[in-house]
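The values are calculated or read from the model by the stated rules, or taken from the named source; none is laboratory data. Only a predicted model underlies this, so the values are computations on that prediction, with no experimental measurement involved. Neighbour counts run over all protein chains shown; Cβ positions are idealised from the backbone, glycine included. Side chains included, ligands, DNA and RNA excluded: accessible areas come from the protein's heavy atoms. Shrake-Rupley method; radii C 1.70, N 1.55, O 1.52, S 1.80 Å.
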Amino acid sequence: MGAAAARPPPGLGALAEETGLSPAALTRLHERFQALDRDDKGHLRAQQADFATFARVLAHFRPAEGAPSGPGGPGSPGSKLRFVFQLYDLDGDGQISYRELLQVLRLMVGLEVPDEALAAVAARALREADRGGRGALCFDDFAKAMERLDVDRRMSIWMLK
């Protein structure tokens with residue numbers, strides 16, 4: 001763990017207001033962040049993520065129940081859905097293409113599933129969810145395809161409450 005383990009998270013009040021995470025949850029996250037920041041540089045090596053970025057990303061996984069930040073704030077089901085959409089939209093163009101869907105599926109299952117099977121899954125998912133016939137999913141298509149899932153429950157880390 002870094003040498004500054006007892007130090008409180010920087011900008012605690014503003015970060016708590018922005019993310020909707022409690023000061024206690026931010027303090028616990030900060031301790032975990034510092035454990036990952038083995039060189040005590042204030043960011044994670046592979047991603048160059050500082051603590052505020054780390055907290056903002058994890059805020060998406062806060063249960064929406066009782067969230068002070070409103071229906072569109074961090075931790076809301078809509079925010080969680082947008083976050084997942086952005087994970088699939090690898091090039092950031094606002095659409096999930098067949099190539100992006102296939103690439104994410106490959107990352108998720110690794111070598112466990114043959115390429116032909118993954119290609120069939122990606123093609124079918126795109127065909128079923130692409131309501132506009134564009135050959136790619138916009139956010140509305142993605143949201144419609146995901147509406148049967150309980151996004152808040154499936155994407156919540158209850159310790160962040």
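Over the range 77-161, what relative contact order in percent results from Cα pairs under 8 Å that are six or more residues apart? Worked out over the range 77-161, it gives 32 percent.
The string of couplings for the range 147-156 from the Karplus curve (6.51, -1.76, 1.60, θ = phi - 60°) is 5, 6, 7, 8, 4, 4, 5, 6, 10, 10 Hz, one whole number per residue in order, with x for Gly and Pro. A 1.4 Å probe, protein heavy atoms only, puts the accessible area of M108 near 120 Å². Amide H contacts of A49 (H built 1.01 Å from N, in plane; Pro and chain starts excluded): L44 sit under 5 Å, all sequence-distant by 5 or more or on other chains. Distance between the pseudo-spin-label points of R127 and L149 (7 Å out from Cα toward the beta carbon): 2.2 nm.
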